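Notes follow the structure.
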Amino acid sequence: MTRSNRAHSAGPLLGAGLLLLAGGLSVAAQVRASSDAPADADWERAAAEVVARAQAEDAIRVEPTWSESALVHLGPVGNLLHRHHHPQIEDFQGVERVWLIAEADRQEDGAARLPPGTERLSTERYGEVVLDLYQLPAEVQLGPSLLARLPDAQIEHVKARGENATRCRRWDARRERWICPGAHYVGSELLEVGDDPRRCIWAHALKHGESLRVSFLAETLLDEEMDEGRWLRLRAGVDLRGARHERAQPMSYEVFLGDRAVLSHTVDRFDSTWMAHTIDLSELGPDEELRLEIRAEDPEAHGRRFCFNGWVIDDAQSQLLRDHSGSVESSSSK
């Protein structure tokens, strides 16, 4: 065999050898990682402590957020699970304390996902699992949401030319929704928006260019005791299922204070961002209304599974929220 032929014969053998070596190293790394991972007994002991001590106003988080290891042991308090990968301050409404069950080397990663000013009350270790209990600061509680105020809202279907409006007149208290013509409704839903589950007001855009109008009287929104500014903190977007619809088209929503348009935003097709808007309410008169209008230009409004929620907040809270909402804060915020 010539030297050239021997070289050609060695090539495939060398490649196969390198592949075997890479595979061996990968298996070794996985075995090592597996040996360093917490045992199921560690997760079980930490979870048992949470089950025994958790209260109704608590939330339970697991780090890493994709881990299922602790979940099987948290059944009795599963309703308190907080499964957000990238939680925002608005996602902690009604929560006073947070239990964090974390792999020991991810403890600080879990703490970094909590609102600013959160205080660690206690730490316990169970093998390779750490259990922390945190107290949230009072200022992250924003008060009643638009969802909570929805029974007092007025919901209308407005024809494309705006000359005729049909009001939704039946409130379903059990399902927290307004029942509208054509099997349409506006009300509470748990949807995946911004890559995380959010409880919000489902307000699917209508067909044929009609507008969906949701109005709140100022007298039901404004707190007379709030003397340090009044702002609307609005969150809005299309859920992930709707954003991925193959026939999805852009849609838009507008916010009015009385007859004055103060916000107009377009949701592009395939966009599932949980947008943040901070809107000055200082010029909203006591006899006026706050109004959202949702519209899709496409006649069929495919996948326009829009939802929103909002809170009336003071100056300090508005600054806190704008400082910690990152790239999803709208440039339209005042």
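The values are calculated or read from the model by the stated rules, or taken from the named source; none is laboratory data. Keep in mind that this is a model prediction, so the values were computed, not measured. Neighbour counts are summed over all protein chains in view; Cβ atoms, including those assigned to glycine, are modelled from backbone coordinates with ideal geometry.
Details
- Filtered residue count, the range 189-220, keeping only those that are touching a helix residue (DSSP H, G or I) at 6+ places or on another chain (Cβ under 9 Å) and crowded, with 19+ Cβ neighbours inside 10 Å: 9
- Test: residue 95 is assigned to a strand (DSSP E or B), among the β-branched types (Val, Ile, Thr) and modelled with pLDDT of 95 or more: no
- Selected residue [part of a strand (DSSP E or B), in the same structural domain as residue 216 (by TED's automatic domain parsing) and touching a Ser or Thr at 6+ places or on another chain (Cβ under 8 Å)] from 199, 175: 199
- Residues being in contact with a Lys or Arg (Cβ under 8 Å, 6 or more places away or on another chain), surrounded by fewer than 17 Cβ atoms within 10 Å (Cβ to Cβ) and in a loop (DSSP other than H, G, I, E, B) are entirely absent from the range 130-137.
- Output for the range 239-257, where each listed residue is in contact with a strand residue (DSSP E or B) (Cβ under 7 Å, 6 or more places away or on another chain), outside any strand (DSSP E or B) and surrounded by fewer than 21 Cβ atoms within 10 Å (Cβ to Cβ): 240, 249, 250
Yes or no, residue by residue, for (1) at pLDDT below 95; (2) buried (at least 19 other Cβ atoms within 10 Å of the Cβ):
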position	(1), (2)
4	yes, no
17	yes, no
79	no, no
82	no, yes
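- Condition check for residue 127: within 22 Å of the chain's Cα centre (by Cα), small (Gly, Ala, Ser) and not assigned by TED's automatic domain parsing to the domain that holds residue 213: no
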